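Asks: Can you keep this structure in mind? I'll have questions shortly.
Values quoted throughout were computed directly from the atomic coordinates according to the rules given, and no laboratory measurement underlies them. Predicted model, so just to flag it, every value in this text is computed and none were measured. Counting neighbours? That spans all protein chains shown, and the Cβs are built from the backbone with ideal geometry, glycine included.
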Amino acid sequence: MLGTNRTGKAAPTAMPPPLHPDRRRFASGLALTAAALASGARPSWAQAQPGLIRARTLEPAPDRTALSYDAGGVPPVLRVRRGETLAVRLANDLAEPTSLHWHGVRPQAAGADAFAPRPVAASASADFAITPRDAGTFLYHPGLTGDGPRQMQAGLGGILVVDHPIPPTNIHEIILHLAETAPQDGTPPRILVNGRPHLSLQAKAGERLWLRLANGTPHRIVQFAAPDQTLTLVALDGQPCEPFRLDGGRIVLGPGQRAEAMWDVSGAPGSSVPISVAQLGGISLAGSLIIADAPPERAEALPPPEPLPPNPLAETLDFRRAQRLDLAIQSNSGGDVAFGGRAEVAPATTPYFKARRGSVVMVALKNETDRFCAVHWHGHPARLLDNMDDGWKPFFIDTVVSTPRSTNRIAFLAETPGRWLVTCQAINAEPRPLILWFEVN
Ligand SMILES: [Cu+2]
């Protein structure tokens with residue numbers, strides 16, 4: 001994420017009070033058809049009826065994207081509790097193959113699907129299952145190889161919410177999947193929020209909203225802003241962080257990044273608060289939050305949000321015996337980007353590096369080009385290191401938005417055996433990430 005300037009090593013310590021999971025309500029207008037998975041008693045995967053998502057081509061219409069996981073164009077929110085198994089049947093109604101990738105999810109083990117997504121032929125369907133280790137906000141979308149990025153650019157994707165085993169209640173959630181149209185007919189592209197080219201939210205004055213925001217584009221940097229509002233970041237890329245207030249109510253996300261913020265609504269009952277969603281160097285969308293013409297939710301402002309309960313992740317990293325390596329993004333004479341010395345889109349046949357399980361890996365990511373690039377790490381949430389010392393930002397990330405001619409250093413614990421993809425996508429370029437991989441064993 002860009003736009004943060006806090007540093008620190010503090011681990012979240014305070015836990016929110018236990019709450020009862022029976023009175024949660026959701027932002028109206030969000031389709032939850034596939035969330036049947038996550039309601040009531042949760043049977044094991046063997047007994048569960050998989051939820052259904054259906055990849056479709058939508059009828060051309062001015063307010064619709066081209067591809068969607070739902071006939072109405074509003075992608076279903078999938079939902080499961082941490083440690084439980086989500087089962088999904090993907091029905092492919094497209095005229096071409098597609099695949100399914102759980103973006104940002106730290107699985108129990110590296111699956112073959114994560115490395116080479118299983119193709120689902122046109123008119124076929126296939127069952128998928130995942131057991132996430134972390135509570136947080138994630139994405140599901142086609143895989144990152146082949147036609148996947150182009151299908152994502154056309155709007156195919158949705159949000160996966162993984163709840164803490166004891167989810168909070170009585171808090172109004174706003175779940176926003178940001179994508180864009182990719183018209184083939186010469187009409188200009190538009191930003192889509194939950195499949196729609198407009199954004200209108202409703203809340204009461206004094207209410208605290210739980211905003212879950214995901215950048216579902218494969219190749220854009222997107223800024224969400226509610227300038228007059230108090231937003232406190234509580235999670236980034238699917239991992240809770242030390243809460244901090246966001247300047248100008250602003251969240252900037254690279255491709256595939258997710259953020260969670262507590263939004264303390266302020267404003268006069270009956271008024272409208274401006275919201276905007278804008279692409280870096282691209283299109284924007286003006287939206288609003290309508291404040292109900294009703295008495296405020298509470299007389300006094302709430303105290304600042306507490307940290308969310310942490311996921312099972314190492315809070316500290318021992319750098320003394322870390323494996324250190326460089327990873328360069330370069331341009332060749334033709335203007336193409338090379339990543340780790342390779343300019344081909346197909347994944348390499350050999351790993352870029354191997355790491356022993358349990359070791360700490362430090363990567364100096366050197367962007368030697370004039371372009372913004374997003375580098376995404378699979379399966380291993382990382383710390384973004386400070387440039388002056390080995391301190392780190394008070395959050396985990398799985399994506400580095402690398403600015404032109406800069407070096408970012410990250411560190412992570414090589415914890416989960418398997419082969420893991422690292423992708424590099426030039427911002428505002430054709431969505432075709434360059435792909436390396438590393439092996440943990
Ligand atoms: Cu991914």
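Asks: Check the chain and count each lysine pair with an alpha-carbon distance under 25 angstrom, considering only pairs eight or more places apart or from different chains.
Replies: Taking the Cα cut-off of 25 Å, the pair count is 4.
Asks: Using the charge dipole of the chain (Lys, Arg: +1 at Cβ; Asp, Glu: -1 at Cβ; taken about the Cα centre), state which of 312, 288, 191 has its Cα farthest towards the positive end.
Replies: The one lying farthest along the dipole's positive direction is 312.
Asks: Of all DSSP beta bridges located in the chain, what percent are antiparallel, nearest 5?
Replies: 75
Asks: To check you understand DSSP bridge types, tell me what percent of the beta bridges within the stretch 323-440 (both residues inside) are antiparallel, rounded to 5.
Replies: 75
Asks: With unit charges on the beta carbons (Lys and Arg positive, Asp and Glu negative) and the dipole taken about the Cα centre of the stretch 78-171, which residue among 149, 159, 169 sits farthest to the positive side?
Replies: 169
Asks: Just from its helices, what would the mean residue ellipticity at 222 nm be for the chain, if runs of 4 or more DSSP H residues each count -39500 (n - 2.57) and the sum is divided by every residue, rounded to the nearest 500 deg cm²/dmol?
Replies: -500 deg cm²/dmol
Asks: For residue 198 and residue 405 in one chain, what is 0.36 nm times their gap in residues minus the Cα-Cα distance, to one decimal in nm?
Replies: Using 0.36 nm per residue and subtracting the Cα-Cα distance, I get 71.0 nm.
Asks: Compute the label zone of residue 350 within the stretch 308-331: residues whose backbone N is under 16 Å from the point 7 Å along Cα-to-Cβ.
Replies: Answer for this model: none.
Asks: Further question on the same structure: Mind running the shape call on the chain? Use the C-alpha gyration tensor, a ≥ b ≥ c as the square roots of the eigenvalues: rounded below 1.5 for a/c, prolate if a/b tops b/c, oblate otherwise.
Replies: Since a/c stays below 1.5, the shape of the chain is classed as rounded.
Asks: Sticking with this structure for a sec: Taking the dipole about the Cα centre of the stretch 212-275, with the C-beta of Lys and Arg at +1 and of Asp and Glu at -1, give me whichever of 233, 259, 269 is farthest to the positive side.
Replies: Farthest along the dipole direction, towards plus: 259.
Asks: Would you grab the residues whose amide H sits under 5 Å from the one on residue 175? Only those 5+ places off in sequence or on another chain, please, with H modelled 1.01 Å from N.
Replies: Excluding prolines and chain starts, which carry no amide H, the hits are 27, 212.
Asks: Here is a further query. Convert each backbone phi in the stretch 349-361 into a coupling constant with the Karplus relation 6.51 cos²θ - 1.76 cosθ + 1.60 (shift: θ = phi - 60°), then list the ³J(HN,Hα) values in order as whole Hz, x for Gly and Pro.
Replies: Running phi through 6.51 cos²θ - 1.76 cosθ + 1.60 with θ = phi - 60° gives 8, 10, x, 5, 7, 10, 10, 6, 4, x, 8, 9, 10 Hz.
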